[in-house]
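The values are calculated or read from the model by the stated rules, or taken from the named source; none is laboratory data. For clarity, every value in this text was computed on a predicted model and none was experimentally measured. A quick note on method: Cβ atoms are made from the backbone with ideal geometry, for glycine too, and the neighbour counts reach across all protein chains shown. The protein model used for the area step is the full one, side chains on, heavy atoms only, and it has no ligands, DNA or RNA in it. Shrake-Rupley method; radii C 1.70, N 1.55, O 1.52, S 1.80 Å.
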Amino acid sequence: MKCRARAHANIALIKYWGKRDARLNLPAVGSISLTLSTLRSETEIVFSDEIEQDVLFLNGQKAKPKEVARVSSFLDLIRDRAKIKQKARINSFNNFPTAAGLASSASGFAALTLAATRALRLNLSARELSVLARRGSGSAARSIFGGFVEMHKGVSDDGSDAFAEQLFPPDYWDIRLLIGITSEQPKKVGSTDGMTLSKETSPYYRNWIETQEYDLQQMREAIKTKDFPKLGELSEHSCLKMHAVALSGNPGIIYWNAVTVEAMHAVRELRRTGVPAFFTIDAGPQIKVLCLPEDEQKTRDCLLSVPGIERVIVNRPGPDAQILEEDN
Ligand code: 2P0
């Protein structure tokens with residue numbers, strides 16, 4: 001029982017931050033994302049009677065016990081569904097730095113969900129895959145789909161309506177998302193812990209939740225009408241609002257480094273010269289910049305002019321998660 005699958009990372013334009021139920025990993029807010037063409041994970045899984053306990057390799061290295069435990073308890077959900085007990089060997093590769101705020105858990109858990117369910121012959125719909133992927137990582141629910149994607153927070157206690165769906169396919173609108181790498185070190189505070197701290201201690205958390213629906217509605221409209229400046233402004237606003245919540249927890253979390261901040265100013269400066277380019281930043285120090293295809297070169301040059309940015313990764317809207325290989 002073996003399968004290999006690929007899923008692409010995604011970056012939220014309207015951010016997910018906060019959970020309404022930590023056990024079922026139910027988000028407190030909906031979110032809207034862009035699936036990326038370049039960054040992806042490939043995961044191969046084998047279930048067998050001969051494997052005594054789950055083994056996980058990340059980029060060829062044996063994973064840490066904490067990482068194995070997270071993957072193992074996620075696989076238990078799938079094993080329960082398939083009514084099997086076999087343990088698994090998992091080999092997962094990312095073509096980008098892991099755990100540095102580049103959505104590795106999104107593409108990793110989406111690829112794992114697809115590979116594991118197919119290996120066990122569970123025939124799940126894309127929506128069911130998304131609900132399941134969410135249990136591994138909230139943002140993974142979005143990486144099941146390509147293009148422009150919306151994650152619904154849902155209202156039910158069992159999480160069955162907390163799924164992602166595609167708003168528009170990748171070829172709907174050719175926009176670019178450039179990633180400026182400022183550090184390849186793993187982040188110090190993971191998203192899950194960051195969200196818990198924000199919920200428990202940030203005085204702004206309630207406002208964040210209350211204003212999200214309006215931002216989602218505006219973003220749906222911006223995408224529908226292909227209004228790029230509106231998409232960019234909303235993305236920057238949602239990012240800064242999310243970081244304001246993280247910063248205002250106690251102790252506040254600073255995901256940025258000095259290079260991130262320099263790059264934010266550089267993007268605003270580029271905008272003042274007439275180029276519609278807008279930044280977004282996740283739970284890590286990398287800077288991501290949205291621009292139109294005709295401004296890709298200028299935007300890339302702008303990022304590379306910031307001391308400390310050595311590498312820029314260019315993305316277009318990327319595809320759905322897909323099966324690469326399965327045994328028959
Ligand atoms: C997002 N992030 O919408 C937001 C913005 C990071 C900042 O979703 O706890 O790794 O596994 O559900 O999915 C990263 O959070 O968190 C994330 P869990 P996840 O992309």
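Give the shape of region 155-281 as rounded, prolate or oblate, defined through the alpha-carbon gyration tensor: a ≥ b ≥ c are the square roots of its eigenvalues, a/c under 1.5 means rounded, and otherwise the shape is prolate if a/b is larger than b/c and oblate if not. Here region 155-281 falls in the oblate category.
Where a ≥ b ≥ c are the square roots of the eigenvalues of the C-alpha gyration tensor, would you call region 2-173 rounded, which needs a/c under 1.5, or, failing that, prolate if a/b is larger than b/c, or oblate? Prolate is the answer for region 2-173, as a/c is 1.5 or above and a/b outweighs b/c. Inter-label distance, residue 265 to residue 77: 4.3 nm, where each label sits 7 Å from its Cα along the C-beta direction.
Give the lysines reachable from residue 19 as a straight Cα distance under 26 Å; neighbours fewer than 8 places away on the same chain don't count. Output for residue 19: 64, 66, 153, 187, 188, 199, 241, 288. Of the GluC sites (Glu not before Pro) in region 219-328, the ones in a loop by DSSP (not H, G, I, E or B) with at most 13 other beta carbons within 10 Å are 310. Relative to the current alpha-carbon distance between residue 184 and residue 85, full extension at 0.36 nm per residue lengthens the span by 31.9 nm.
Evaluated at q = 0.14 Å⁻¹, a Debye calculation over the C-alpha positions of the chain (equal weights, vacuum) places log10 I(q)/I(0) at -1.07.
Which parts of region 1-28 would a label at residue 53 reach, counting a residue when its backbone N lies under 16 Å from a point 7 Å out along Cα-to-Cβ? Those under the cut-off are none; the list is empty.
Given a 1.4 Å probe and the protein chains as shown, residue 151 ends up with an accessible area of around 10 Å². Using a cutoff of 8 angstrom between alpha carbon atoms and counting only pairs six or more residues apart, the relative contact order for region 170-319 works out to 42 percent. Each residue of region 261-269 was assigned a 3J(HN,Hα) from its phi angle through the Karplus expression (A = 6.51, B = -1.76, C = 1.60, θ = phi - 60°), giving 5, 4, 5, 4, 5, 4, 5, 5, 5 Hz with x at Gly and Pro.
Show me the trypsin sites (Lys or Arg not before Pro) within region 11-79 that DSSP assigns to loop and that have at most 15 other Cβ atoms within 10 Å of their Cβ.
Answer in residue order: 23.
Here region 24-100 has 49 percent of its accessible surface on carbon and sulfur atoms, given a 1.4 Å probe and all protein chains in place.
Starting from the Cα of residue 257, step 7 Å toward the Cβ, then list every residue of region 268-299 with an amide N under 15 Å from that point. Output list for this probe position: 282-288. Could you compute the net charge surrounding residue 192? Neighbours are other residues with a C-beta less than 10 Å from the C-beta of residue 192; K and R count +1, D and E count -1. Charge balance near residue 192 sits at +1. The accessible-area ordering, largest first, of the residues 145, 74 stands as 145, 74, per a 1.4 angstrom probe. For residue 224 and residue 62, what does the FRET efficiency come to when R0 = 41 Å and r is the distance between their Cβ atoms, rounded to the nearest 0.05? Given R0 = 41 Å and the Cβ-Cβ separation, E is 0.35. For region 78-235, the relative contact order works out to 16 percent when only alpha carbon pairs closer than 8 Å and six or more residues apart are counted.
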